[in-house]
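These notes concern the structure reproduced below.
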Amino acid sequence: MQTKTKAIVLSKIRFKDNDLIVKCYTSNHGIVSYLLKGVLKSKKSNKKTAYFQPLSLLELETDHKDNRSLQYIKDLKTSFLYSSLHTNIVKSAIAMFLAEILSQALKEEEQNLPLFNYLETSFKWLDTNSQISNAHLLFLLELTKYLGFYPDDSEIDADFFNLLEGQFQHINNSKYCISGENLTLLKQMLGTNFDALNEIKMSSKQRQQFLKMLLQYFDLHLTNFNQPKSLQILNDVFN
């Protein structure tokens, strides 16, 4: 069935000599992998690899069949042209990191427009704003709303947060309970938005420790979640 859909690029891998397999999160079908035949040798094809950088926002015309593991792209164009996401070294490191997280976290091959809209809006914000040091932290925290394990903040005044249970509590009864700086930052992050992020101050070390905690949270709630390979690059950029 010929269909048009918006898509966010999550990853690409080389297949055989001249082909690419591109994994996208689409507005119509959720996670979809596309086979692009001959794209690495064709100079005239508009399906150039530049279109498939991490988190690129595209509009695709595809020949979609539900029973096929690899779909085909008939035509494509950019739906939003980033001005700095792929050229600013900090933003490009964040983009690489977030694309790797999403490749692991998003599994559903079905439409989820609220999630797609959240991703699209977040990446446009990241591209057009300069105060982005903590953007990946808030992005991951807000992402848990759509993945089903957003922190229960009904007892937010408590002295501990249980990563395994996803809730604040008054007693430390688990090795997964956090307190101290990570707890304070978590409480500050909950309920804030991207435009207010610059009001939350943290050092490079605090940012790194908070991210480590968030990744542990993801690991506890997602099956087969692995430490992102791009994490070291991200930490190096912020250091």
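Can you compute the helix-only [θ] at 222 nm over the chain? Use -39500 (n - 2.57) per DSSP H run of at least 4 residues, normalise by all residues, nearest 500 deg cm²/dmol.
Value at 222 nm, helices only, nearest 500: -11000 deg cm²/dmol.
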Checklist line | Nonlocal amide H pairs with L190, under 5 Å, H built at 1.01 Å | finding: none
Check: Helix 113-128 versus the longest principal axis of the chain: what angle, 0 to 90°, nearest 10, using Cα atoms?
Finding: 90
Check: Once phi is turned into θ = phi - 60°, what whole-Hz ³J(HN,Hα) does the Karplus curve with 6.51, -1.76 and 1.60 give for every residue of segment 20-27, x standing for Gly and Pro?
Finding: 10, 10, 10, 9, 10, 9, 10, 6
Check: Assigning unit charges at the beta carbon (Lys, Arg +1; Asp, Glu -1) and nothing else, what dipole magnitude in debye, to the nearest 20, does the chain show about its Cα centre?
Finding: 1460
Check: Taking R0 as 35 Å, what's the FRET efficiency between L113 and Q206 from their Cβ-Cβ distance, rounded to 0.05?
Finding: 0.50
Next item on the list: Only loop residues by DSSP count here, and only those with at most 15 other Cβ atoms within 10 Å; note down the trypsin sites (Lys or Arg not before Pro) in segment 84-185 that meet that.
Entry: K107, K175
Checklist line | Amide H within-cut-off set for S11, under 5 Å, with H built and near neighbours excluded | finding: K23
Note to self: Give the lysines whose C-alpha is closer than 17 Å to that of K6, dropping any in the same chain fewer than 8 places away, or say none.
What the structure shows: K23, K47, K65, K74, K77, K124
Margin query: Nearest 5 percent is fine: what portion of the DSSP beta bridges confined to the chain is antiparallel?
Written below: 95
Notebook entry, point to check: Carbon and sulfur: what percent of segment 1-141's accessible surface (1.4 Å probe)?
Noted result: 48
Notebook entry, point to check: Picking from T121, H221, L36, whose Cα lies most toward the positive end of the charge dipole for the chain (charges on Cβ: Lys, Arg +1; Asp, Glu -1)?
Noted result: L36
Notebook entry, point to check: By accessible area of protein heavy atoms, probe 1.4 Å, what ranking do E155, E61 get, highest first?
Noted result: E155, E61
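In what sequence, largest accessible area first, do V237, V9 appear using a 1.4 Å probe? Walk me through the numbers on the way to the answer.
Numbers: V237 45, V9 0 Å².
Descending order: V237, V9.
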Notebook entry, point to check: Once segment 123-206 is represented by equal point scatterers at the alpha-carbon sites, with solvent omitted, what log10 I(q)/I(0) does the Debye formula produce at q = 0.10, 0.16 Å⁻¹?
Noted result: -0.27, -0.66
Check: What whole number of Å gives the distance from the Cα centroid of segment 167-193 to the Cα centroid of segment 90-133?
Finding: 24
Check: For the chain, what is the accessible area per residue in Å² when the probe is 1.4 Å?
Finding: 52
Note to self: Can you give me the Kirkwood hydrodynamic radius for the chain, using every pair of distinct Cα atoms, in Å to one decimal?
What the structure shows: 19.1
Checklist line | Reachable aspartates and glutamates from K175, criterion Cα separation under 18 angstrom, eight or more residues apart if same chain | finding: D159, E165, D219
Item checked: Cut-off 13 Å between beta-carbons: net charge of the residues surrounding A99, Lys and Arg +1, Asp and Glu -1 -> +3
Notebook entry, point to check: Using a Förster distance of 35 Å, how high is the FRET efficiency between Q104 and S79, based on the Cβ-Cβ distance and rounded to 0.05?
Noted result: 0.90
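The values are calculated or read from the model by the stated rules, or taken from the named source; none is laboratory data. Predicted model only: the values in this text are computed from it and were never measured. Every residue, glycine among them, receives a Cβ derived from its backbone with ideal geometry; neighbour counts consider all protein chains shown. Protein only, heavy atoms only, side chains kept; ligands, DNA and RNA dropped before computing areas. Shrake-Rupley method; radii C 1.70, N 1.55, O 1.52, S 1.80 Å.
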